[in-house]
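The numbers here are math on the coordinates, done by the rules we state, and not lab data. Fair warning: this is a prediction, and the values are worked out from it, not measured in the lab. Positions of Cβ are generated from backbone atoms using ideal geometry, with glycine treated the same way; all protein chains shown enter the neighbour counts.
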Amino acid sequence: MGVTIIWDHQVPAGLRLPVGRRIETVLRLPVTLVDADVLINGFHPERNQYDAAAILDRVLFMKGRMGCRGPVLLVVTHDLYAGGCDFVFGLARPQTGCAVISIARLDNAFYRREDDFDDLADRAGKEGAHEIGHLLGLEHCTDPECVMFKPATLAELDRKKTMLCPSCRAALAAVFR
Ligand SMILES: [Zn+2]
Ligand SMILES: [Zn+2]
C-alpha cells in the first residue's frame, strides 16, 4: 500500500522531496507526492486559525476525486486548531484514511528563532509520519523518542527521532502481515 501526500501550493516547494523521503524512511512505504491548489475551509476569524476537522472533509473529497485507496496526508501552511486544543500540529481521521499537518508551528520563524531548513523538514517529516501512522492503525506511544509519541510542545517534537520505536515498528509490520 502506498501513501499519497498532497502539498498545498503555499508550502515551499523545496520541502516536498526531503519531507517525503523522511516519511518513507519512517514508515518504509512508498510515497506519492501531489501538488494541488487546495481550497482550505474552516477559517475561524476570532482565533485566526483553521479548523482541522473542516480541512479533513476537504481531504476526503480530494481523496475520492483522485481515486486514492491508501492513506492521504495534506500539508498546509495554515495554523490549525481542533476540539478543545489551542492548536494542533496535525490531525488524523483513521476511519476515512485522511490526515492533515500544518507547517505553521514547525518553522523556527514562528518562535522568532533563526531559520533552519533541516529543522523544518525534520519536524514536518515526524509529524507527517505520525499522522499517517494513525491512518495505518498505530496509537500514541509512551516512548518520548518514538514518532508516535504525542508532543505537546515544539521541544517534545524535537526530542522525537525520525523513527518508530521497536514496538510501534512491530505493530505496523503486523498491519501488513
Ligand atoms: Zn497523534
Ligand atoms: Zn512507539
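Amide H neighbours of Phe149 under 5 Å, at least 5 residues apart or on other chains, H built in the peptide plane: list them.
The list, which skips near neighbours in sequence, is Cys141.
Can you give the percent of C-alpha pairs in the stretch 3-139 whose distance is more than 26 Å?
15
Apply the Karplus curve 6.51 cos²θ - 1.76 cosθ + 1.60, θ = phi - 60°, to the phi angles in the stretch 37-48 and return the couplings in whole Hz, x for Gly and Pro.
9, 8, 7, 9, 8, x, 5, 10, x, 6, 7, 6
Counting alpha carbon pairs within less than 8 Å and at least 6 residues apart, what relative contact order, in whole percent, applies to the chain?
Once divided by the residue count of the chain, the mean separation gives 20 percent.
Compute the whole-percent fraction of alpha carbon pairs in the stretch 45-86 spaced more than 18 Å apart.
Roughly 34 percent, rounded to a whole number.
Report the Stokes-Einstein translational diffusion coefficient (µm² s⁻¹, integer) for the stretch 134-176, Rh taken as the Kirkwood radius over Cα pairs, at 10 °C with viscosity 1.306 mPa s.
151
Taking +1 at the Cβ of each Lys and Arg and -1 at the Cβ of each Asp and Glu, which of Phe43, Leu73, Gly83 sits farthest along the dipole of the stretch 3-139 towards its positive end, judged by Cα position relative to the Cα centre?
Of the candidates, Leu73 comes out farthest on the positive side.
If you take the beta carbon distance between Thr142 and Arg113 as r and set R0 to 41 Å, what does 1/(1 + (r/R0)^6) give as a FRET efficiency, to the nearest 0.05?
Here the calculated transfer efficiency is 0.90.
Where both partners of a DSSP beta bridge lie in the chain, what percent of those bridges are antiparallel, to the nearest 5?
The answer is about 30 percent antiparallel.
Can you tell me the dipole magnitude for the stretch 1-98 around its Cα centre, using point charges on the Cβ only (Lys, Arg +1; Asp, Glu -1), in Debye to the nearest 20?
480
With +1 assigned to the C-beta of every Lys and Arg and -1 to the C-beta of every Asp and Glu, and no other charges, what is the dipole magnitude of the chain about the Cα centre in debye, to the nearest 20?
Once rounded to the nearest 20, the dipole reads 700 debye.
Of Leu120, Leu106, how do they rank once you tally other Cβ atoms within 10 Å and put the fewest first?
Ranking Leu120, Leu106 by Cβ neighbours within 10 Å, fewest first, gives Leu120, Leu106.
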